[in-house]
Amino acid sequence: MNKPLEGLRIISLSQYGAGPYATLQLADLGAEVIKIEQKSTNGDVSRQVIPYAENGDSLFFQSLNRNKKSITLDVKSEKGREIFYELVRESDAVFNNFRGDVPEKLGITYEQLKHINPQIVTCSLSGFGTSGSLRSEPAYDYLLQAKLGHMSLTGEPEGVPSKYGLSIIDFSTGMMAALGLMVGIYQAKSKGIGSDIDVSLYDTAASVMNYIATWHLNRDYEPKRTGYSAHPTLVPSQLFPTKDGNVVVMCNKEKFFQILCERLGKPELAEDGRYKDFENRFKNKETLTPKLISLFKEKDTKYWIDKLKGKVPIAPVNTVKEALEDPFIKEREMIVEYEHPTFGLLKMLGTPIKVKDYKPEYKAGPSMGEHNTDIYQNLLNLTPEEIKALQNDSTI
């Protein structure tokens, strides 16, 4: 079975979260991702991330680096540089997630590599981008959630601003970087010219504000945190406590509110002039919402799911355990398995990208330098003696 991205070779100078998440998407679809690790620093720092870290590997590392290859190489040394250039000559892209000012210093921009391979695509995923006054500043998911206003929107109105429970900016930026890299490769294949792709946590965090930012920029809208995780304007679209848990209900169409009221046994609410449409419900949410909250508290979560499913958009507020045990996640083949030499049989979440007639194969993330012989001998045609010499002088 042909892999969608078979034949695509990406040299990856990235570690930890956002960068490896970007190349993970491409590796799962068949791209050859060659991860360059620095032996003197014990490779990708995520190999040591606790909990569940041992023998130079971790479950965190495995989550982000399956289906990849690993070589050790000191790209700053003279011999290492020569080998890196040979890899560039044989590859489609060079990917990194360094600080924005580092790619140029390290000599891995398109301008610095195009003489070796005019079609090479270089993609940089950084905190603040490769240009601008903040390019030399480090950045992290949590900090960008704060800086770009996300935390001001998250949490209860009376509480302190809150971050997301997941590294959502890292993962969103990783997806953007994977898309940007593929755009660059498409351009290189169609026009014969490579390019620099610049993707940042900052720009992505700004981009996903989307309609909230549009409202503010054009109508001076000032968003505020809402109780019960409510939608800023659609009423009712929020969390409702039940007798034994919580559900989220979304009335994002007028018909859903009418059906909701019928199913709650209160059809008169839909007939009340104060709640007849989106605008009036928004204006009168302080009187409507408490009534709905009181009604939902009378029955348990299962009752409301059974009562409303298929009629009004509703979902239980599951724990991680409950979410991963949902039959549908298995039906969609989102939980995958592979064997690992240290951790045994590993279960992970697979690629969310479904390509017809293609079923991904999943292999364990590599040990550091696991593919040195494969790459140096079979791809770059170095002899065993040459490889041994490079090992002895710490080039690889």
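The values are calculated or read from the model by the stated rules, or taken from the named source; none is laboratory data. Remember, predicted model here, so these are calculated numbers, not experimental data. As a convention, Cβ positions derive from the backbone with ideal geometry for all residues, glycine included, and neighbour counts pool all protein chains shown. Side chains included, ligands, DNA and RNA excluded: accessible areas come from the protein's heavy atoms. Shrake-Rupley method; radii C 1.70, N 1.55, O 1.52, S 1.80 Å.
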Send over a whole-number figure in Å² for the accessible area per residue of the chain, probe 1.4 Å. 54
Over region 240-396, with every protein chain in place, what whole percent of the accessible area is carbon and sulfur at 1.4 Å, could you tell me? 51
Hey, got a sec? Which GluC sites (Glu not before Pro) in region 1-75 land in a DSSP loop and have at most 13 other Cβ atoms within 10 Å? Glu6
Checking the cross-link filter: which lysines have an alpha carbon closer than 24 Å to that of Lys255, excluding same-chain neighbours under 8 positions apart? Lys266, Lys276, Lys283, Lys285, Lys291, Lys297, Lys299, Lys302, Lys307, Lys309, Lys311
Once the Cα atoms of helix 210-219 and of the chain are each reduced to a long axis, what angle between those two axes, in degrees from 0 to 90 to the nearest 10, is obtained? 60
log₁₀ of I(q)/I(0) at q = 0.11, 0.15, 0.18, 0.20 Å⁻¹ - region 176-307, Debye sum with one point per alpha carbon: -0.59, -0.80, -0.98, -1.13
May I ask for log10 I(q)/I(0) of the chain at q = 0.07 Å⁻¹, from a Debye sum over the Cα atoms as equal point scatterers with solvent left out? -0.43
Hey, got a sec? Which GluC sites (Glu not before Pro) in region 255-313 land in a DSSP loop and have at most 12 other Cβ atoms within 10 Å? Glu298
Step through the residues of region 187-195 one at a time and calculate ³J(HN,Hα) from phi using the Karplus curve (6.51 cos²θ - 1.76 cosθ + 1.60, θ = phi - 60°), rounding each to whole Hz and writing x for Gly and Pro. 4, 5, 5, 8, 10, x, 10, x, 5
More than 19 Å apart: what percent of Cα pairs in region 233-358 qualify? 57
Could you work out [θ]222 nm for the chain from helices alone, using -39500 (n - 2.57) per DSSP H run of at least four and dividing by all its residues? Round to the nearest 500 deg cm²/dmol. -10500 deg cm²/dmol
Hey, with R₀ at 56 Å, roughly what FRET efficiency would Asp326 and Tyr85 work out to, going by the Cβ-Cβ distance, to 0.05? 0.70
Between Ser294 and Glu337, with labels modelled 7 Å along Cα→Cβ, what's the label distance in nm to one decimal, could you check? 5.2
Label-to-label distance, nm, for residues given as Asp101 and Thr41 (7 Å Cα→Cβ offset): 1.7
Taking only Cα atoms, what is the 0 to 90° angle, nearest 10, from helix 285-296's long axis to the longest principal axis of the chain? 90
For region 88-140 and region 144-221, what is the separation of their Cα centres, given in Å? 19
Probe 1.4 Å - accessible area at Met176, Å² to nearest ten: 80
Filter the chymotrypsin sites (Phe, Trp or Tyr not before Pro) in region 7-113 to those in DSSP coil with at most 13 other Cβ atoms within 10 Å of their Cβ, and list the result. Tyr52
